[in-house]
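See below for the structure under consideration.
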2 protein chains.
Amino acid sequence: MCQLLGMNCNTPTDICFSFEGFRSRGGLTDVHTDGWGIAFFEGRGARTFLDPHPSSQSPVADLVRQYPIRSRNVIAHIRKATQGPVGLENTHPFQRELWGSYWIFAHNGNLEDFAPPLDGSFIPVGDTDSERAFCWLLQNLSENFSAMPRADILHQTLQELTREIAPHGEFNYLLSQGEALFAHCSTRLCYIVRQAPFSVAHLKDQDVAVDFSEVTTPNDRVAVIATAPLTDNETWTPIEPGCLMMFLDGAPAQPV
Amino acid sequence: MCQLLGMNCNTPTDICFSFEGFRSRGGLTDVHTDGWGIAFFEGRGARTFLDPHPSSQSPVADLVRQYPIRSRNVIAHIRKATQGPVGLENTHPFQRELWGSYWIFAHNGNLEDFAPPLDGSFIPVGDTDSERAFCWLLQNLSENFSAMPRADILHQTLQELTREIAPHGEFNYLLSQGEALFAHCSTRLCYIVRQAPFSVAHLKDQDVAVDFSEVTTPNDRVAVIATAPLTDNETWTPIEPGCLMMFLDGAPAQPV
């Protein structure tokens, strides 16, 4: 199984601390050695760093750890291959453009017998069930709307579409179009919201701590979503299986 | 004006040497300081490194120079902004997926009054004339064919489409779908084919040389395409203005 990491903030924030713990799971403290990737939205733009090599040994991961890219929405993934061989074309997150916005998607799980008809508007490049699910989601969004709908309407539509895929297996995913971050829990996903008063957080996977009160302003708010808690001195909230959460400006939006 | 760099090979090759000279033009030996990017195809996959900061000072460029990614098709771009502010969403190369393949595009020049109707299948995320031209090219390819056509047919179709855009201004571009690399010269673009017997090449922008005979096998063939020659001891061939060349397996394909 793979590991997911997402961040949604009300102000551009770097993910260096969380990424430090997360990347350890790619070959050092855990077994997810079949590639990794991370995507950052910056304004309307997005940049994705992909590496088919284990994240704990990746020079690209060294760069990401040392180069504080400030972003309001980040999605990262460490892969343990289930469907599709190890290779760049099967490395998450995947990226497409719809309605003049980039969309980023990463999946943890395994979908069986999920081979819906695709009309050609979004076609997988690689062999994974994950990219197929992503293409199908975008195809259906594109059929439903001719431009980006309001966030709550998007949330509701994604809930309906997700319910059609979920019975095919494990379908934990993170999806963002640069504003909202959607997090679907099928089996395992949790989150934390950090806001004032900020305190010290200590990583679970490495003996590294950060005092967020020193690196934030009182108005900052950051939601971090991960397969398993990244820190051992904070309370992470499990997302209920079957639930698709939408994070906006660093906080969960009200359920629709 | 921007600078373009492309590479097309018959065997996966790293671009570290050419990139070393090319990146100097982003703020060190030349004035292209408004961001840069490079895209590598690896099998069906592609990874793009983008940085809105000058390439001569970019930590991402340090990584690319030191991390020999072996690829059969590479497209790089250093930006001097003409249309659209400096920002990640306006940083080349641009990437889209069509027919289950990634397509990468970078443009040097300036198109005026190029605002064709777009049907929604490919919409620019940023503000550049370049991304608009890319979207329009893909939209038309998608209308003409339902799957990837043969390379010569693709070449011919791109020639026809390019002729419709070119009158709008300067339109030097590089385009690849992972197999062929298309290079259109509107004002300035040249290339070199390196093959056995390999010899020593010396960069124009830095005092760096490489003996290709030490790092190649006799069957290797590599075409490098650039806005201006990157070496000062080799003969580069200018591409004729108005000509769209197709490179396959490290050599120009016969004109159609």
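The numbers here are math on the coordinates, done by the rules we state, and not lab data. Not measured: the values here are computed from a predicted model. Cβ atoms come from the backbone with ideal geometry, glycine included; neighbour counts cover every protein chain shown.
Quick rundown of the values:
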| item | result |
| --- | --- |
| Positive minus negative residues near B:S101 (Lys, Arg vs Asp, Glu; Cβ under 12 Å) | -1 |
| Axis-nearest residue of A (beta carbon) for the A-onto-B rotation, whole Å | A:L63, 2 |
| Loop-located trypsin sites (Lys or Arg not before Pro) in the range A:1-80, at most 15 other Cβ atoms within 10 Å (DSSP) | A:R70 |
| Neighbour-count order for A:E240, A:E164, fewest beta carbons within 10 angstrom listed first | A:E240, A:E164 |
| Cα-based Rg and Dmax for the protein assembly as shown, where Dmax is the largest Cα-Cα distance (Å) | 22.7, 68 |
| For the range B:3-252, alpha-carbon Rg over 2.2 N^0.38 Å | 0.94 |
| The range A:101-145: GluC sites (Glu not before Pro) in DSSP coil with no more than 13 other Cβ atoms inside 10 Å | A:E112 |
| Footprinting exposure proxy for A:H77, A:H53 (fewest neighbouring C-beta atoms within 10 Å first) | A:H53, A:H77 |
| Proximal aspartates and glutamates relative to B:K204, as straight alpha-carbon distance under 20 Å, when same-chain residues fewer than 8 apart are discounted | B:D14, B:E20, B:D30, B:D62, B:D232, B:E234 |
| Packing-based exposure ordering (other Cβ within 10 Å, fewest first) of B:M7, B:M246 | B:M246, B:M7 |
